[in-house]
Amino acid sequence: MHRLRVSAAFLAGATLILSACGQAATPSPPPATSTPSAATSAPPSAAIELTVLEHQDPRINELKALLPKFEAAMKAQGKNITVKLLEGPAPDSEFRTKLTLDYNAGNAADVTSYPSSWVPDLASAGFLLDLTDRLNGWADYQRFYQVLREQAVQGDGRTYTVPREATVQQFFYRKDVLEANGISTTQPQTWTDLLDRMEQLRPKLGKPPILIPAGKPWGGGTFDEGFIHLMLGTNSPLYDTSDGKWVVRSPGLLSVFNYYEALAKADLLPVDALVNPEPWVPTKYEAFPKGELAVATCGTWCWIFDWGPGTRGEIPDIFNKVATWEFPTEKGGTFVWGATGWVWAIPSTTKYPDEALELVKWLTSGEALATHLVTIGAASPRDDIQSVAPYSEKAFLIDAEKALTRGRAFQPRPGIDKIQQFVGEATEEIITGRMTGQQAADLFATKATEALGSDKVKELR
């Protein structure tokens, strides 16, 4: 469901917003510590009220049902903890603005959730409570998949969030459409395999057969659901952790942009739809359900929210008509995207750090977590939920979870919003025929260098 996949571009325009409020856009981070000196925890018998900020209807409705159960669980332990649910503005941009202002003013909710790609900027700004020591002392944290625990560690070596869910993305394809047209459904091993197969299907289908998000209208989705799955299939890094620099020019980057060019020149991408203000509507919600589009990148949520029963793009008998491929790589081999989706975070200014984390622990355990995963169509971030209902009833989510151990992902770093923006611009120039892959690669390198600063980027030859 597109509304559940918020763009990862964080705090665009935040400087102007905060300046208008007479506040610094990026305050100096406080010393790294898991328990700020100003934070205190209430005695067990004291009555305290936690606040939780949420802004998407499915998640809000879920919390309305779960939070009373948490309060009852705490009461059974002799703890008088209540939780007030705060509903943020629904539009993503408005929610980001509110979040920014709340953090900067020091009055953020005790617990908040958002995409993991927002974390680097928030953590480096000093807004988030360092949870490292607390998580090291929580035995259950070892039940979270190692790949997700590693992704949670920020550039300073500290951990500020807890995974709320895992996201697994792959190519979804219309098995019935390919079989009806005599096209192989075996797993493509290389980009060339996939390209050749789509070229065979194009004249039979009479329309562009594959969707790999590209262009500006898709926002962060062009990076998150398209570009990065190609980039991870090369041998080139996008960010060098050894020196903290973005790689803005490399053989892998050029290969990715050239691949977009090859797809566009062969008329394999639905370009008109991709430059539509809401590109996911004519593609994922209309063409794919009709069988007019045969292949699309997507994640576990698509089984439920994009094409499941009662959705606008419902595909009857979906599990017999739709199947998945792992992402092929440039030279050979396959992988799935396996990463944290949304995270739970606690502000560094909270008065109740231990109680806030107690709520996060409860929400990421047992039936509460199982309920959440089914609500939004996500894989479990930990390995001990497969037998817990209602998650245990969703075999397709459990199958996706099992792929996490062989997944690849890109860990967002400060500046990711700019990189996403320029990927969108460069790919749009390619698919509209205004630039070649090489020209788009040059455009990307130039814009990224100008925006991030020459000291924050590097080139690999």
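The values are calculated or read from the model by the stated rules, or taken from the named source; none is laboratory data. This structure is a prediction, so every number in the text was calculated from the model and none was measured. Backbone-built Cβ (ideal geometry, glycine too); neighbour counts: all protein chains shown.
For the reader, a short list of remarks on this structure follows.
- Residues in segment 194-226 that are at pLDDT 95 or above and either on the phi > 0 side of the Ramachandran plot or in the same structural domain as D92 (by TED's automatic domain parsing) (or both): 2 in all.
- Take the conditions (1) surrounded by fewer than 23 Cβ atoms within 10 Å (Cβ to Cβ); (2) closer than 20 Å to P279 by Cβ; G206 misses just one of them, which is (2).
- Tally, over segment 86-115, of residues that are buried (at least 23 other Cβ atoms within 10 Å of the Cβ), at pLDDT below 95 and β-branched (V, I, T): 1
- Pair list, Cβ < 7 Å and 6+ apart or interchain, from segment 275-297 residues that are under 17 Å from Y173 (Cβ atoms) to residues that are among the hydroxyl-bearing types (S, T, Y): L293/T283; A294/Y173; V295/Y173; A296/T283
- On the stretch given as segment 107-146, residues that are in a helix (DSSP H, G or I) and of a type outside the set (K, R) total 18.
- Check on E367, under 30 Å from I431 (Cα atoms), surrounded by fewer than 19 Cβ atoms within 10 Å (Cβ to Cβ) and among the charged types (D, E, K, R): no
- Breaking point among (1) modelled with pLDDT of 95 or more; (2) surrounded by 23 or more Cβ atoms within 10 Å (Cβ to Cβ), for I416: (1)
- Residue match in segment 320-343 (condition: more than 24 Å from I210 (Cβ to Cβ), surrounded by 22 or more Cβ atoms within 10 Å (Cβ to Cβ) and touching a Leu at 6+ places or on another chain (Cβ under 7 Å)): yes
- The set of residues in segment 156-188 that are within 30 Å of A296 (Cα to Cα) and of a type in the set (S, T, Y) comprises T167, Y173, S184, T185, T186.
- Conditions (1) free of Cβ contacts under 8 Å to residues at least 60 places away in the same chain; (2) of a type outside the set (V, I, T); (3) more than 29 Å from K458 (Cα to Cα): number failed by S242: (3)
- Failed condition for F410, given (1) crowded, with 16+ Cβ neighbours inside 10 Å; (2) outside any helix (DSSP H, G or I); (3) modelled with pLDDT of 95 or more: (3)
- Any hit, segment 256-264, residues being farther than 18 Å from E429 by Cα, in contact (Cβ under 8 Å) with a residue 60 or more places away in the chain and not aromatic (F, W, Y): no
- Checking the stated criteria, S19 turns out to be modelled with pLDDT under 55 and part of a helix (DSSP H, G or I).
- Answer residue from segment 129-150, given it is touching a Lys or Arg at 6+ places or on another chain (Cβ under 6 Å) and either among the charged types (D, E, K, R) or not assigned by TED's automatic domain parsing to the domain that holds P115 (or both) and is surrounded by the most Cβ atoms within 10 Å (Cβ to Cβ) among those: D130
- Filtered residues of segment 284-336 (kept if under 25 Å from K207 (Cα atoms) and among the basic types (K, R)): K284, K290, R312, K321
- V153 fulfils the conditions (1) surrounded by fewer than 17 Cβ atoms within 10 Å (Cβ to Cβ); (2) closer than 27 Å to W303 by Cα except for a single criterion, (2).
- Condition check for A262: within 21 Å of Q200 (Cα to Cα) and either touching a Lys or Arg at 6+ places or on another chain (Cβ under 6 Å) or not assigned by TED's automatic domain parsing to the domain that holds T192 (or both): no
- In segment 423-449, of all residues being more than 15 Å from N258 (Cβ to Cβ) and surrounded by fewer than 22 Cβ atoms within 10 Å (Cβ to Cβ), the one that is nearest to the chain's Cα centre (by Cα) corresponds to E425.
- Condition met for G155 (assigned to a loop (DSSP other than H, G, I, E, B) and closer than 30 Å to P353 by Cβ): yes
- Identification of strands (runs of 3 or more DSSP E) wholly contained in segment 254-371 with 2 or more residues that are in contact with a strand residue (DSSP E or B) (Cβ under 7 Å, 6 or more places away or on another chain) and small (G, A, S) yields 295-299, 334-340.
- Scanning segment 141-191 for residues that are within 22 Å of P347 (Cα to Cα) and over 18 Å from the mean Cα position of the chain (by Cα) yields a total of 5.
- Residue that is surrounded by the fewest Cβ atoms within 10 Å (Cβ to Cβ) [pool: residues in segment 267-286 that are touching a Gly at 6+ places or on another chain (Cβ under 9 Å) and farther than 16 Å from T222 by Cβ]: E286
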